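Enquirer: First the structure, then my questions, so here it is.
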Amino acid sequence: MNAPLRRLAVVVTAMFTALMLAGTWVQFVDAGRLRDDPRNTRTLYEELGRQRGAITTADGTVIAQSDPVDDQYRFQRVYPDGPLYAAVTGTYSVTSGPTGLEAAEDEYLSGSSDRLFFRKVSDLVTGQEPGGAVVETTIRDAVQQAAQEGLDGQRGAVVALDPTTGDVLAMYSSPDWDPNLLASHTRSEAAAAAAELEGAEGDPLVSKATSQRYPPGSTFKLVTAAAALESGDYTPESLIDSPAVLDLPQTTAGLRNDDGQACGSNGQTTLADALRVSCNTAFANLGMALGQDELGAQAEAFGFGEALDVPVRVARSQFPTGLDQAALARSAIGQGDVTATPMQMAMVAAGIANGGVVMQPNLVSTVRGRDLQVLEAPRPTEVGRAVSRQTAAALTAMMEGVVESGTGRAAQIDGVAVAGKTGTAQNGQSAPHAWFTAFAPADAPRVAVAVFVENGGRAGDEASGGRVAAPIAKSVMQAALAATEGSAG
Amino acid sequence: MSGSAAAPPAHVEVPRPPRSRRWLELGLSAVAVGVAMMAYGLVGVATDGSWPAGILGYGAGLGALVLVLHVAARWRAPWADPLLVPVATLLNGLGLALIHRLDVARDGSFAERQLVWSAIGILAATAIVVVLRDHRVLRRYTFTAMVVGLVLLVLPLVPFLGVNINGAQIWIRVGPVGFQPGELAKIVLTVFFAGYLVTARDTLSLVGPKVLGLQLPRPRDLGPLVVAWLASLGVLVLERDLGTSLLFFGLFVAMLYVATQRVSWIAIGLSLFVGGAVLAWSMFSHVQARVTAWLDPFDAEVYAQSPGGSFQLVQGLFGFANGGLLGTGIGQGRPQTVPYAESDFILATLGEEMGLTGLLAVLLLYLVLVERGLRTGTAVRDGFGKLLAGGLAFAIALQCFVVAGGVLRVIPLTGLTMPFLAYGGSSLVANWMIVALLLRISDAARRPSPETPAEASPVLPSEQDASATQVVRL
């Protein structure tokens, strides 16, 4: 009976081999999928039970931290200056998961990233409580504060970039909201806060800086002007027809200048002057002359048409296709179906400021393990060259004209050359959106900014980009210049 | 320690004099108790930050019990296999630590009761080693065993005695003590199978018609197999216990094969099994639910269904996944998320906190235990001993496969517990009794033959081969 017993031993070995293979499958091969299953509460408990890494500004201010508490989650996420940085941090909700940077950098913050593997092994050996990595952002305290103070409760958004690196110096959306409310461990409290914020006036949870798109109005004339200069058929001195009212083909409605007057003399104006006074009819003519392909290509070169992860998600700004001449004319002045995020318009200014090269906006400066070892430090990356160095220089000179003697005089800073462009975007029956996008110093830019004030803010129907948005841009740029004094050139 | 005076049998080449290896047993048992103590202590370290006060008492208690069994083996079974007791001790001790860990998480008191059952189990094993001087005595009780086994199987169906727990009618309750007679029936019926088959093997080996190249047995000899099959189906239908049913039938078929060496019995057994399985599947909704939960556990509907859904299985898989390669560390996972984490799903607890590494190690421990049992079967000289050792070892293997396979989604989930590891008094006592019987049989197998090898002389040729080809010398 030994032969069958030995065969039985082989069968038993095969049975156990099958079990070991199944174990390997479940615990190793398929484990990632199982861990990510939303029904797996362990993953959430584990992350909540681990001390999540802090989020700080570039100045070292802690804007999100995990404090030990005596409940099942063990750590409470706390946002010391919550509303100010809400558009950056997002929140860490135990009921609906993370948002903002909390979501985008979750692997590091929670400590689940594979980059932390050796850290975790050493924690295991030394018995040290495991924890997440610290994310240092590129945000500068003073610039962020200037953005909040500038908007002063008006609905809108401010984005400030370092044009040479793409570092996001400020990213603020108003009305702001308090991430602490959503991070409550009491489910009912968190749910009530979420319901209230979701239904709140002005949709605070949706970032106006990155998630919402608006007609950019005349700030888009920078793109049109760039396309004109890049075509080689135009210089800043080229003369363009600029009547008071432009008859649009196939429509009865004409396209008017804001003041109802023709620009320049004899119904013609130079490209530079057209930008300086934001002449609608001149740019509409220019757009129709260039065609939608050139205009669309130029917009894409600045970043339109692509969503971005900075690493917070930035919605895709759009330049429409399939336009007739009338729609093309409206698009050339940033009306019609052109829509852009404030982040995108900051990228346009930053690209011009950086000699024509658009840098990828980036919020994360460094990620450090708890031993302060740098785990990740994103290098500046280019989105691409939007315009030639010559075109960028010409546009800069034209934008300086806007601030010196044009529609953007409110953005003038003593002793600093500022280049900018206003936008007053018609918005159906509602009051127009006020825009301003600019950079400074014009000769060696250290900050590029886009300010967006929804429906003109408190100025309402009286609003214009120059009146409402330009002063905010001015104070944000001043804060940025002060903060980066001597640190860049 | 060695009986070096005994002359080796003339036909066996033995390079060294045989050694009893009792010191090896003692040393490995000490290691097993030590590892179990460490596991127990780590629960305290993980949850309280300090070594628990009870660790020494726990270690001393487990150690003393194992020492009693060890001494009994020295006294009455000095040639017994030295690995059986340490492996069983380690599994039992790890199980205790894991159950204690779940107690801490859920404020339960399973571990204390499991410790009492461990004591009863080890003492029962000791009693068997002391009282049962020769396993062949059991052969005299072949048909008594049959009757006792069937009574044990039927016991849960007796009104007022049987208890229905979670839909399965496999428990009896006498006063405060609950017991699963099926676990004891496993041993008793293995004794019966061995006794019956060693007698009937010649008849059962006779060949009948040849079909498709397969030499079938005579139809009239199919009776016992059909009876076993019907009994298994009866367990399934009346007690709604898929696992026990599978275990008994598989065990019988395996022993039938060992006794007759005829592959045709396996083929017939497998077809009967498949037939029974399809029948059960088509007739019973709870069987269908198990199969659905096995095939499609992540489906939202299957997951949400209660009872009979895949919630437990999926949560168990999440536990395994959470453990990954190295595990969360004892006391640092969340195994209490899984229903019945201390019994049916103890493996998920193990996999989560000790990782794939721990799971594979424990599976290997079982494999060692089973293979030592099968080795005992090949080494012992009498046919009854071969069948009994082989059957008992295979019963452990099959039970492991059915439970672990269910939890790891190799096969549909059934209600059985991991031997030694899982919470459950009946199972623990029964498995220690199996270890005792294997100790007894392996003592007979390894004992050097006396000068006149009367017992060893009627050696079958195949057994000579076995001695010559043994890789591991005991």
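We did not get these values from a lab; they are worked out from the coordinates using the rules stated. These numbers come from a predicted model, not from an experiment. Positions of Cβ are generated from backbone atoms using ideal geometry, with glycine treated the same way; all protein chains shown enter the neighbour counts.
Enquirer: Between residue B:340 and residue B:274, what FRET efficiency follows from the Cβ-Cβ distance if R0 is 35 Å, with the result rounded to 0.05? The partial results should precede the final answer.
Expert: Working: r = 29 Å, r/R0 = 0.82.
Rounded to the nearest 0.05, the efficiency is 0.75.
Enquirer: Residues with beta-carbon under 15 Å from that of residue A:383, excluding residue A:383: net charge, scoring Lys, Arg +1 and Asp, Glu -1?
Expert: Neighbour charge sum, excluding residue A:383 itself: -3.
Enquirer: Further question: Binning at 5 Å from 0, report for region B:334-399 what percent of all alpha-carbon pair distances ends up in each bin.
Expert: Final binned percentages: 4, 18, 18, 16, 14, 11, 9, 7, 3, 1.
Enquirer: Taking the Cα centre of chain B as origin, sum charge times position over the Cβ atoms of Lys and Arg (+1) and Asp and Glu (-1), and report the length of that vector in debye to the nearest 20.
Expert: The dipole of chain B has a size of about 1220 debye.
Enquirer: Cα gyration tensor of chain B, axes a ≥ b ≥ c as square roots of the eigenvalues: rounded (a/c below 1.5), prolate (a/b > b/c) or oblate?
Expert: Numbers: a/c = 1.82, a/b = 1.13, b/c = 1.60.
Oblate, because a/c is 1.5 or more while a/b does not exceed b/c.
Enquirer: Neighbour counts of other C-beta atoms within 10 Å: give me B:303, A:85 arranged from fewest to most.
Expert: Numbers: B:303 19, A:85 27.
The fewest-first ordering by Cβ neighbours comes to B:303, A:85.
Enquirer: Any idea how far apart residue B:130 and residue B:203 come out in nm if each label point goes 7 Å out from Cα toward Cβ?
Expert: If labels sit at residue B:130 and residue B:203, their model points lie 4.0 nm apart.
Enquirer: Under a crude label model (7 Å from the Cα following the beta-carbon direction), how far is residue A:253 from residue B:158 in nanometres?
Expert: For the pair residue A:253/residue B:158, the computed spacing is 9.3 nm.
Enquirer: Cβ neighbours within 10 Å, averaged per peptide: list A:318-328, A:426-436 in order, most packed at the top. Don't jump to the answer; show the numbers that get you there.
Expert: Values: A:318-328: 16.7, A:426-436: 20.5.
Listed from highest to lowest mean packing, they are A:426-436, A:318-328.
Enquirer: What percent do you get for the relative contact order of region B:22-447 when only Cα pairs under 8 Å and 6+ apart count?
Expert: 22
Enquirer: From the square roots a ≥ b ≥ c of the eigenvalues of the alpha-carbon gyration tensor of chain A, which class results: rounded (a/c under 1.5), prolate (a/b over b/c), or oblate?
Expert: Cα axes put chain A in the prolate bin.
Enquirer: What is the calculated FRET efficiency for residue A:337 to residue A:29, with r their C-beta to C-beta distance and R₀ = 60 Å, to the nearest 0.05?
Expert: Values: r = 48 Å, r/R0 = 0.80.
E between residue A:337 and residue A:29, to the nearest 0.05, is 0.80.
Enquirer: Please order A:413, B:411, A:139, A:240 by the number of other Cβ within 10 Å, starting at the fewest.
Expert: Lowest count first: A:413, B:411, A:240, A:139.
Enquirer: Seen from all sides and averaged, what is the projected area of the convex hull of the Cα atoms in region B:92-251, in nm²? Working shown, then result.
Expert: Details: hull surface 53.0 nm².
That works out to 13.2 nm².
Enquirer: Also: With +1 on each Lys and Arg Cβ and -1 on each Asp and Glu Cβ, and nothing else charged, work out how big the dipole of chain A is about its Cα centre, in Debye to the nearest 20.
Expert: Roughly 1260 debye, rounded to the nearest 20.
Enquirer: Which Cys residues of the protein assembly as shown have no other Cys beta carbon under 4.7 Å away?
Expert: Lone cysteines by the Cβ rule: B:400.
Enquirer: Within 10 Å of each Cβ in B:315-328, how many Cβ atoms from other chains are there, averaged over the peptide?
Expert: Taking the mean over all residues of the peptide, I get 6.
Enquirer: Count charges around residue B:298 for me, please; just the other residues with Cβ under 13 Å from its Cβ, Lys/Arg as +1, Asp/Glu as -1.
Expert: Taking every other residue near residue B:298 into account, the sum is -3.
Enquirer: For region A:34-91 and region A:187-239, what is the separation of their C-alpha centers, rounded to whole Å?
Expert: A separation of 29 Å, based on Cα centres.
Enquirer: Which order, highest average first, do B:341-352, B:216-227 follow once you tally other Cβ atoms within 10 Å for each residue and take the mean per peptide?
Expert: Values: B:341-352: 28.2, B:216-227: 14.0.
My ranking of the peptides, most packed first, is B:341-352, B:216-227.
Enquirer: What Kirkwood hydrodynamic radius, in Å, does the protein assembly as shown give when the mean of 1/r is taken over all pairs of distinct Cα atoms and then inverted?
Expert: Over the protein assembly as shown, the inverse of the mean reciprocal pair distance is 33.5 Å.
Enquirer: Right, another one. Helix A:292-301 against the longest principal axis of chain A: what's the angle in degrees, Cα atoms only, rounded to the nearest 10?
Expert: For helix A:292-301, the angle is close to 50 degrees.
Enquirer: Right, something else. Residue B:212 to residue B:177: extension gain in nm, 0.36 nm per residue of separation minus the Cα-Cα distance?
Expert: Answer, rounded to one decimal: 7.3 nm.
Enquirer: Something else about it: Using the basic label-point model (7 angstrom from Cα toward the beta carbon), what is the residue B:60 to residue B:282 distance in nanometres?
Expert: 6.3
Enquirer: Next up: Test of understanding: ordering A:25, B:117 by Cβ neighbours within 10 Å, fewest first, what list do you get? Don't jump to the answer; show the numbers that get you there.
Expert: Values: A:25 16, B:117 20.
Going from least to most buried by this count: A:25, B:117.
Enquirer: For the pair residue B:305 and residue A:265, what calculated FRET efficiency results from E = 1/(1 + (r/R0)^6), where r is the Cβ-Cβ distance and R0 = 51 Å, to the nearest 0.05?
Expert: Taking R0 as 51 Å, the efficiency between residue A:265 and residue B:305 is 0.05.
Enquirer: So what's the back-of-envelope 222 nm ellipticity for chain B, counting only DSSP H runs of four-plus at -39500 (n - 2.57) apiece and dividing by all residues, rounded to 500?
Expert: About -22000 deg cm²/dmol.
Enquirer: Given the options A:444, B:285, A:91, identify the residue whose Cα lies farthest towards the positive end of the charge dipole of the protein assembly as shown (+1 on Cβ of Lys, Arg; -1 on Cβ of Asp, Glu).
Expert: Checking the options against the dipole of the protein assembly as shown, the answer is B:285.
Enquirer: Charges at C-beta only: +1 for Lys and Arg, -1 for Asp and Glu. How large is the resulting dipole of the protein assembly as shown about its Cα centre, in Debye rounded to 20? Walk me through the numbers on the way to the answer.
Expert: Numbers: 67 positive and 83 negative charges, 1296 e Å.
Using only the charged Cβ atoms, the result is roughly 6220 debye.
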